[in-house]
Amino acid sequence: MRLSAVPLPIAAVALLAGCATTTPAPLRAGATLEARSGSTVTGRVDLTESGGRVRAHVELAGLAPNSEHGFHVHDKGDCSAADAASAGGHFNPAGAAHGRAGTAPHHAGDLPSLMADGHGNVRVDLVLEDVTLAPGPASIVGRSLVVHRDRDDFTTQPAGNSGPRVACGVIAAR
């Protein structure tokens, strides 16, 4: 029995052509948020990056019913302090002023506020701007997500006067 072989250059072109049509797998990361500052707030944030956009699915419990909360990416991936001060300030690689995400100026770590429902729960999908899950200066992997007790006024420097940190979780690749 004789096997016919495909010439090597033709096989290589066919192999490369097949690779060119595949879509890269989305990058994934997430954080489990634990209570801080004497709160009972806990939850989970699942992050996915695809097509240059980072999407966050946020689920939290233990907030005051019908309340609004500041939500930020903080610079350090350390939630060990009882008040989450170990997470440092807002993630701000460009050195911008604090503000509302989607408007200028704002920190890369400035995220949209979270609104709790009548039971003190949050379930929301967000698009995060100015950040990535890929390695590089805008990467949020290895940093922390922090929920604050109060709403962010998006004006007060450097952090929006959003009060104590009631939940914190380190962002890890998945």
ask   = When you go through His72, His57 one by one, which is the residue that is under 13 Å from the mean Cα position of the chain (by Cα) and either surrounded by 18 or more Cβ atoms within 10 Å (Cβ to Cβ) or closer than 16 Å to Val141 by Cβ (or both)?
value = His72
query = With respect to Ser162, is the statement that it is closer than 22 Å to Ala94 by Cα, of a type in the set (Ser, Thr, Tyr) and either in contact with an Asp or Glu (Cβ under 6 Å, 6 or more places away or on another chain) or surrounded by 23 or more Cβ atoms within 10 Å (Cβ to Cβ) (or both) true?
reply = yes
query = Just checking, which of Val131, Val122, Val146 is under 18 Å from Ala85 (Cβ atoms) and either within 10 Å of the chain's Cα centre (by Cα) or at pLDDT 95 or above (or both)?
reply = Val146
inquiry  = With part of a loop (DSSP other than H, G, I, E, B) and over 13 Å from Phe71 (Cα atoms) as the only criterion, which of Ala97, Ala108, Ala159 stands out?
reply    = Ala97
query = For region 148-164, does any single residue satisfy the condition of being touching a Cys at 6+ places or on another chain (Cβ under 7 Å), of a type in the set (S, T, N, Q), within 20 Å of Ser39 (Cα to Cα) and in contact (Cβ under 8 Å) with a residue 24 or more places away in the chain?
reply = no
inquiry  = Looking at Ala17, Ala56, Ala12 in this structure, which one is touching a strand residue (DSSP E or B) at 6+ places or on another chain (Cβ under 9 Å) and either in a strand (DSSP E or B) or at pLDDT below 95 (or both)?
reply    = Ala56
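The values are calculated or read from the model by the stated rules, or taken from the named source; none is laboratory data. Since this is a predicted model, take the numbers as computed values, not measurements. For neighbour counting, all protein chains shown are included, and Cβ atoms are generated from backbone atoms with ideal geometry for every residue, glycine included.
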